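FYI, it's all coordinate maths here, none of it is from the lab. For clarity, every value in this text was computed on a predicted model and none was experimentally measured. Note that each Cβ is placed from the backbone with ideal geometry, even for glycine, and that neighbours are counted across all protein chains shown.
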Amino acid sequence: MARRKLIAGNWKMNKTAAEGAALAKELKAAMVAINPNGVCGESISQIRDAEGTHTAEVLVCPPITTVPAVVVELEGTCCQVGAQNIHWADNGAFTGELSGAMLKEIPVSYVLIGHSERRQYFGETDETVNKRTKAALKYGIKPVVCVGELLAEREAGQTNAVCERQTRAGLAGLTAEEMKNVVVAYEPVWAIGTGKVASNEQAQEVHAFLRGILKSLFGAETAEATRILYGGSMNAANAAGLLAQPDIDGGLIGGASLKAADFAAIVSAAK
Ligand code: PEP
């Protein structure tokens with residue numbers, strides 16, 4: 001079965017509620033422009049082309065305080081809304097954190113987990129990535145589990161080893177059934193926010209390697225069905241080449257997701 005592409009925007013710590021609503025409004029207009037018949041799939045998260053074929057699934061992940069305004073603005077469109085973090089506990093003394101139950105009532109359908117900025121600035125580890133992933137699944141929120149190597153690790157020839165370690169640890173203890181709701185994102189850290197995109201070949205090589213890891217963990221069927229997104233300076237100009245690679249099933253987009261026309265162009269490239 002073909003994997004439906006997922007184009008996900010990570011707004012990071014950008015856009016107040018008012019600014020986010022304005023961006024969502026622009027995005028809505030841009031999405032109508034690329035999907036002129038206005039037909040969404042069975043769920044509002046799917047874009048169909050003129051022939052009614054499923055094309056891409058679209059997601060934006062604003063700061064949590066901006067999510068409600070964006071949810072309102074995007075209601076009835078083909079765009080889902082997600083969060084950027086989740087805590088593993090149901091409740092308790094975890095100042096500044098949000099539980100799955102809290103995220104579920106906002107509501108969000110996806111959550112980013114283990115983004116390199118969380119790993120770099122907030123002490124995220126492979127172990128906490130795993131705990132957050134399990135919490136998301138427990139609350140029916142789909143985790144997007146991010147992995148990727150630092151520049152020094154790539155230069156030392158450790159790309160595969162780092163990505164394998166992060167993937168095995170992040171997904172430890174999950175079942176093949178749970179993997180139906182998990183998305184993996186390969187984001188080379190040296191490419192995030194730097195304008196230095198991985199080449200199509202570099203990205204495809206790691207994606208194919210990661211699919212092999214998924215196969216060894218969960219079997220061939222699950223590995224074939226799991227979506228692996230590429231993230232790192234994806235933009236309107238380079239998206240088509242990356243998204244044409246056989247093992248690249250979508251994008252996790254930072255900077256370009258803050259410009260409606262650019263993000264819509266990437267969605268369009270996923271068709
Ligand atoms: C990201 O934040 O996940 C990301 C890929 O950012 P950018 O597209 O700006 O490199």
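What number comes out for the charge environment of E224, summing +1 per Lys or Arg and -1 per Asp or Glu over other residues with Cβ under 14 Å away?
It works out to a net charge of +3.
Mind ordering 61-72, 222-233 by average Cβ neighbours within 10 Å, highest first?
In descending order of packing, they fall as 222-233, 61-72.
Explain nothing, just the number: dipole magnitude of region 84-180 about its Cα centre with +1 on each Lys and Arg Cβ and -1 on each Asp and Glu Cβ, in debye rounded to the nearest 20.
About 220 debye.
Relative contact order (percent) for the chain, with alpha-carbon contacts under 8 angstrom and 6 or more residues of separation?
The value is 21 percent.
Using only DSSP helix segments of four residues or longer, with each worth -39500 (n - 2.57), what per-residue ellipticity at 222 nm results for the chain after dividing by its residue count and rounding to 500?
After summing the helix terms and dividing by residue count, I get -12000 deg cm²/dmol.
What is the percent of Cα-Cα separations in the chain that go past 23 Å?
49
Treating only the Cβ of Lys, Arg, Asp and Glu as charged (+1, +1, -1, -1), what charge dipole size does region 6-270 show about its Cα centre? Round to the nearest 20 debye.
Dipole about the Cα centre, nearest 20: 340 debye.
Placing unit charges on C-beta atoms (Lys and Arg positive, Asp and Glu negative, everything else neutral), compute the dipole magnitude of region 129-214 about its Cα centre in debye, rounded to 20.
Dipole about the Cα centre, nearest 20: 480 debye.
For K180, list the lysines whose Cα falls under 24 Å from its own Cα; do not include residues on the same chain fewer than 8 positions away.
Here the lysines satisfying the reach criterion relative to K180 are K5, K104, K131, K134, K138, K142, K215, K271.
Just the ratio, please: alpha-carbon radius of gyration of region 209-271 over 2.2 N^0.38 Å, N its number of residues.
1.25
Which of the listed residues, A239, V206, A152, is farthest toward the dipole's positive end in region 6-270, when Lys, Arg count +1 and Asp, Glu count -1 at the beta-carbon?
Projecting each Cα onto the dipole axis, the largest value belongs to A152.
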